[in-house]
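Report on the structure given below.
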Amino acid sequence: MAIALDDSQSVGSRRYTPKVTILVVLLCLGIIPPFLFLAYASLHQFDPTGAFGPATLAHFIGIFTSRAFIPTLLATAIYSLGAALVALVIGTVQAWLAERTDAPLRGILYVASAISLGIPYVLYIVSWLLFLGKAGPVNNMLRSLLGSAGPYIDVYSLGGMVFVEGMLWSPFAFLLLSSVFRNADAAYEEAATMCGAGLPATLRHVTFAMARPALLALALLVFIKASESFEVPALVGLPGAARVLTSTIYLRLTLDMPPDIGSASAFGVLLLIIMAILLQAYSRIYAEGHRYRSITGKGYRPRVVRLGRWRYPAGILIGLIPLIVVVIPLATILWAALLPFYQPFSLQAVPRLGFDNFVQVLRSPSFQGAIINSLVLGAATATLVTALSAVAGWCVARRVPGSRLIDNLATLPLVFPAIVLGLAFLEIFVHAGPLLYGSLLSLVLVSTVAYVPYGLRYAQLGVMQIHPELEEAADISGAGHVATFVKVVVPLLVPAIVSCWLFVFLLAVRAMSMVLLLVGPDSQVVAVALFDLWNNGQIGELAALGCVWTAIMTAFSVAFFAVARRYQMPIG
Amino acid sequence: MLRVENLTKIYFLSDLSSGGGIRHVDFNVGAGEFYTLLGPSGCGKTTTLRAVAGLEEPASGRVTIAGRAVFDSKTKEFVPANRRNIGMVFQSYAVWPHMTVFENAAFPLRMSRTRRWREVEIGERVARTLDIMGLAAFASRSAAQLSGGQQQRLALARALVAEPRLLLLDEPLSNLDALLREQMRLELRRLQKDVGIAAVYVTHDQSEALALSDRIAVMRDGAIVQIGTPRQIYYQPANEFVATFIGRSNLLRGHFTQGVAPQARAPMQTPLGPLLCECPSGAVAGEPVAALIRPEHVVLTAVGRASDPAAPNRFRGRIAHVAFLGETTECLVQVGDGVEIVVYSAAGEYTLSDRVDVFFPPERTLALASGEKSRVQNSSKGNQS
């Protein structure tokens, strides 16, 4: 009697294992509906009850014929490009100093990055708005120097947006670039030295020439993230009438009564297409950028440039960067948190410092609720994403039949700007799940869909570090698929799983624009609470809540850093 | 051409214990000489090379190139690596993948501080150098498209294009497959002699060292253990370590019952009985020593056919293992009480369990110290310059 072979194991078989089938179904359930609803909503009229009316192209026509369309596009492009350049320059300088020189105090750069990962976006942006605002210390100083009629810095402008967004992304740029520099083979630079090149020539012809593709990839990535961002355009741009695509969507939904969902959806579709094109370009450049990656030779320490008498200026620069990127914002927030109502920095205000705001925040049931909701949201999202990603990552890394489909499905959410994803799910819940609308569960669902691509990346990397022969040995020894996965893969995957969990947790609790449209009275989260407090002018509470939250989040982000570095997982 | 004196550099581990390095390394390389630093991993040969290059700064010592001190710990002199006018070939070749072959080779000329090269001159010199290396056809190609052997030649071209006074090579053949390695070995030697440049070569491969070098410095644990020509290193190893590191060897441990004068022959007490050995550096009575005989010097004859049955160093043995290696046959012969001797026998066919006569020619049997005491041989060549 012939022994029947398991179809799923034979090479070239197109049959999907149950594992793959379930995974594909789950992913489709989460990822296809947002596309469908968004597209549908952009092509249909709405009647006053919110139900779908007849099909129409009016929304799209309205966008393209609007006089504000080209300026909005232009503003988005300038804003994104500017932010990318700012982040790139700061990140490159930091990364090079930290990884390839013997400049003193390099560790500070990593500490600053760890802290900045824990600061909520809204809090960070608000701190700069306070610091650079009309009543802030910078403008005060300029006024006293140049006279009250003199020019001052208007942070509520496109320039202000570029600055704040660039600052926001510079720690991310630093982390990504520091791994590029760390992995570069020192032999290339030593060869240049032996050929007679001094430091500037080596930097120009070798170090940065070889890093150019990676730098380009990073710049494009920040460009993409800036163009889909919402927090800075909303907080910094809207008050100053600087409009970009994402803030326009928000306006369509909040300014008009009833909300112009059709037009907002049409903008969303437009953004989706732009994102898809940009992401394609990015993946091509990313592959190019990591072509020169090499493993440093046997037992050599990667060569560090001796700065000699430039050590002290470099040390000062290193001290200055975290000062500007992290300390000033935190100090501003702390100042605001300790005052009963916000005043610009002056010595007379010092006696009024106190902890009233903190007491109020920590005692208030609604803020306590927000904190708990955020923690639950983060934990639930992280757990769901990690579980899904572990299996999906394994399937993709091991190239089982169906892995391409899984890979494409799981990476699809990346094309959604956060606010557009929130809009899509809003439409889903309003039409197909009114019970879910406004619940914490709805937030968890959106978050999970949004962060699956990130989880997949970690899981994939983790599985690739596990040699397939380890699983094959279990196979030969008689273990089934599930046993092999649970007893061999998962224990070895633990560093990737933990890194993934912590990273997704940090992302999920920071998400504001994604959940902004979906929170209800029972599902308030900290990120949105901060946004509301700012809009209400409650700066003291905002700062106090922000401080408390940052402290909690820093603990998590430090843990994440420690795990990621220890197991050589990527950070970000 | 190169004089290294008393070079010391210690690496410390995080718990402040010593993580290796070099101590009191001394050697000279003459003009046009091919000089090899040979030793196992971690012996300090690469550290020494990098110290000469200027990529590492030693704690103490002096390095002089062509009469000019490039490093001197006493006067705090330190010429940076990019001003030493040395050509260097790295183990990974470090050929820049984002430049063409031409640009890679032209780089040292463009960086030259001693002379401003005009574009035309650069073109001529680079073309000539690439031609010598057989890379002329690839000049405008991206360096990333070259094979391993071609990259190696490009690295060599780049190192030589500016006509430096000294060439440093850090295990340049170790990344090539065996056949290519043999070919490149020949080419390397021929090139070095044609150009007439002094070269310092680092390797752990002893057959490479023997084939290429004018002189070899054997290193171990951060110090030089012996310096000599390939023949001297092979036939007159200073101690057990050198003997076992270079070529295959048979070592019989024992001691002398009486003191022995240097260069004298005396019988050593070994597990096989008394063994007449040459004792190049003399020996103290009772001191543990080892008798070295190379497998190709042991003489095997069929039992009863020996020419002089009463001669010393003659033993009975039995073939325990035979392996036909092509150019020779390797036999493992059991002699006396559990002693196994490796013999290379070009002639004579032996089979398992054959009884044979084993003879150790006294002039080929060396008595060696076991290791710590090092003896550095000064040869006639390669004095100060």
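The values are calculated or read from the model by the stated rules, or taken from the named source; none is laboratory data. As the structure is a prediction and not an experimental result, all values here were calculated from the model. Methodologically, a virtual Cβ is constructed for each residue, glycine included, from the backbone with ideal geometry; neighbour enumeration extends over all protein chains shown.
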Q: Look at B:VAL161 and say whether it is of a type in the set (Val, Ile, Thr), over 16 Å from A:TYR188 (Cα atoms) and within 12 Å of chain A (Cβ to nearest Cβ).
A: yes
Q | Residue list for the range B:86-101, filter: within 7 Å of chain A (Cβ to nearest Cβ) and either of a type in the set (S, T, N, Q) or part of a loop (DSSP other than H, G, I, E, B) (or both) | A | B:PHE90, B:GLN91, B:SER92, B:ALA94, B:TRP96, B:PRO97, B:HIS98
Q. Looking at (1) in contact with a strand residue (DSSP E or B) (Cβ under 9 Å, 6 or more places away or on another chain); (2) at pLDDT 90 or above; (3) within 8 Å of chain A (Cβ to nearest Cβ), which is the one condition that is false for B:PHE71?
A. (3)
**Q.** In the range A:249-262, residue surrounded by the fewest Cβ atoms within 10 Å (Cβ to Cβ) [restricted to those that are in contact with a helix residue (DSSP H, G or I) (Cβ under 6 Å, 6 or more places away or on another chain) and outside any helix (DSSP H, G or I)]
**A.** A:PRO259
**Q.** Any hit, the range A:78-100, residues being outside any helix (DSSP H, G or I) and surrounded by fewer than 16 Cβ atoms within 10 Å (Cβ to Cβ)
**A.** no
Q: Scan the range A:226-242 and give yes if some residue there is farther than 19 Å from A:VAL415 by Cβ and among the polar types (S, T, N, Q), otherwise no.
A: no
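Please pick out the residue among A:LEU405, A:LEU414, A:LEU375 that is closer than 14 Å to A:LEU23 by Cβ and not polar (S, T, N, Q).
Working: A:LEU414 fails: closer than 14 Å to A:LEU23 by Cβ; A:LEU375 fails: closer than 14 Å to A:LEU23 by Cβ.
Just a single option satisfies the conditions, and that option is A:LEU405.
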Q | Cross-chain or 6+ apart pairs with Cβ under 9 Å, the range B:299-327 first and more than 16 Å from B:ALA347 (Cα to Cα), then among the hydroxyl-bearing types (Ser, Thr, Tyr) and at pLDDT 85 or above | A | B:ASN313/B:THR365
Q | Odd one out for B:GLN377 among (1) part of a loop (DSSP other than H, G, I, E, B); (2) at pLDDT 80 or above | A | (2)
Q | Only one of A:LEU421, A:LEU388, A:LEU426 that is closer than 30 Å to A:PHE485 by Cα and either in a helix (DSSP H, G or I) or small (Gly, Ala, Ser) (or both) | A | A:LEU388
Q | Test result for A:PHE64, at pLDDT 85 or above, in a helix (DSSP H, G or I) and outside the structural domain of A:PHE208 (by TED's automatic domain parsing) | A | yes
Q: Determine which single condition A:VAL350 fails, assuming it passes every other condition in (1) of a type in the set (Val, Ile, Thr); (2) at pLDDT 85 or above; (3) over 30 Å from A:LEU493 (Cβ atoms).
A: (2)
Q | Within the range A:327-343, considering residues that are within 24 Å of the chain's Cα centre (by Cα), of a type outside the set (S, T, N, Q) and surrounded by 21 or more Cβ atoms within 10 Å (Cβ to Cβ), the one farthest from A:ASP356 (Cα to Cα) | A | A:PRO329
**Q.** Pick from the range B:28-49, criterion part of a strand (DSSP E or B) and farther than 17 Å from B:VAL242 by Cβ, ranking: nearest to the chain's Cα centre (by Cα)
**A.** B:PHE34
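Would you mind finding the one in B:ASP170, B:ASP205 that is in contact with a helix residue (DSSP H, G or I) (Cβ under 9 Å, 6 or more places away or on another chain) and within 25 Å of B:ALA81 (Cβ to Cβ)? Full working, then the answer.
On the way: B:ASP205 fails: within 25 Å of B:ALA81 (Cβ to Cβ).
Selected residue: B:ASP170, the only one of B:ASP170, B:ASP205 that is in contact with a helix residue (DSSP H, G or I) (Cβ under 9 Å, 6 or more places away or on another chain) and within 25 Å of B:ALA81 (Cβ to Cβ).
Just to verify a result, which residue in the range A:480-505, among those that are small (Gly, Ala, Ser) and farther than 28 Å from A:PHE556 by Cβ, is modelled with the lowest pLDDT?
Filtering the range A:480-505 for residues that are small (Gly, Ala, Ser) and farther than 28 Å from A:PHE556 by Cβ, the one modelled with the lowest pLDDT comes out as A:GLY480.
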(Q) With the structure loaded, tell me whether A:GLY297 is at pLDDT 85 or above and buried (at least 16 other Cβ atoms within 10 Å of the Cβ) or whether it fails that test. (A) no
Q. Any idea which residue in the range A:224-248 is nearest to the other protein chains (Cβ to nearest Cβ), counting only those that are aliphatic (A, V, I, L, M) and more than 20 Å from the chain's Cα centre (by Cα)?
A. A:ALA242
Q | Count of the range A:167-199 residues which are within 14 Å of another protein chain (Cβ to nearest Cβ) and under 19 Å from A:ALA83 (Cα atoms) | A | 0
Q. Take the residues of the range A:200-223 that are at the interface with chain B (Cβ under 9 Å from one of its Cβ atoms) and out of contact with any Gly (no Cβ under 9 Å at 6 or more places or on another chain): which is surrounded by the most Cβ atoms within 10 Å (Cβ to Cβ)?
A. A:VAL206
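Answer yes or no as to whether B:ALA139 is at pLDDT below 95 and more than 14 Å from every other protein chain (Cβ to nearest Cβ). Steps first, please.
Values: at pLDDT below 95: yes; more than 14 Å from every other protein chain (Cβ to nearest Cβ): yes.
When the stated conditions are applied, B:ALA139 passes them.
Results for (1) crowded, with 21+ Cβ neighbours inside 10 Å; (2) in a helix (DSSP H, G or I); (3) outside the structural domain of A:ARG398 (by TED's automatic domain parsing); (4) free of Cβ contacts under 8 Å to residues at least 60 places away in the same chain, shown as yes or no for each residue.
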{"position": "A:LEU502", "(1), (2), (3), (4)": "yes, yes, no, no"}
{"position": "A:PHE531", "(1), (2), (3), (4)": "yes, yes, no, no"}
{"position": "A:GLY537", "(1), (2), (3), (4)": "no, no, no, yes"}
{"position": "A:LEU542", "(1), (2), (3), (4)": "yes, yes, no, no"}
{"position": "A:VAL558", "(1), (2), (3), (4)": "no, yes, no, no"}
{"position": "A:ARG565", "(1), (2), (3), (4)": "no, yes, no, yes"}
Q: Kindly establish whether B:ASP194 is more than 27 Å from B:MET111 (Cβ to Cβ) and surrounded by fewer than 19 Cβ atoms within 10 Å (Cβ to Cβ).
A: no
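Does B:ARG83 satisfy the condition of being surrounded by fewer than 22 Cβ atoms within 10 Å (Cβ to Cβ), over 28 Å from B:ALA211 (Cβ atoms), within 9 Å of chain A (Cβ to nearest Cβ) and within 31 Å of the chain's Cα centre (by Cα)? Outline the logic, then answer.
Working: surrounded by fewer than 22 Cβ atoms within 10 Å (Cβ to Cβ): yes; over 28 Å from B:ALA211 (Cβ atoms): yes; within 9 Å of chain A (Cβ to nearest Cβ): yes; within 31 Å of the chain's Cα centre (by Cα): yes.
Here the answer is yes, as B:ARG83 does meet what is asked.
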Q) Which of the helices (runs of 4 or more DSSP H) contained wholly in the range A:138-248 include at least 2 residues that are within 22 Å of A:PRO417 (Cα to Cα)? A) A:158-183, A:208-227
**Q.** Among (1) surrounded by fewer than 20 Cβ atoms within 10 Å (Cβ to Cβ); (2) in contact (Cβ under 8 Å) with a residue 60 or more places away in the chain; (3) within 14 Å of chain A (Cβ to nearest Cβ) - the single one B:THR64 does not satisfy
**A.** (3)
Q: Name the single residue, out of those in the range B:108-129 being within 10 Å of chain A (Cβ to nearest Cβ) and over 31 Å from the mean Cα position of the chain (by Cα), that is surrounded by the fewest Cβ atoms within 10 Å (Cβ to Cβ).
A: B:THR114
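Going by what's in this entry, would A:LEU220 be described as without any contact (Cβ under 8 Å) to a residue 24 or more places away in the chain and either touching a helix residue (DSSP H, G or I) at 6+ places or on another chain (Cβ under 7 Å) or of a type in the set (Gly, Ala, Ser) (or both)? Give the steps one after another, and end with the answer.
On the way: without any contact (Cβ under 8 Å) to a residue 24 or more places away in the chain: no; either touching a helix residue (DSSP H, G or I) at 6+ places or on another chain (Cβ under 7 Å) or of a type in the set (Gly, Ala, Ser) (or both): yes.
In short, no.
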**Q.** Matching helices (runs of 4 or more DSSP H) fully within the range A:300-381 where at least 1 residues are touching a residue at least 40 places away in the same chain (Cβ under 8 Å), touching a Lys or Arg at 6+ places or on another chain (Cβ under 8 Å) and closer than 26 Å to A:PHE172 by Cα
**A.** A:311-322
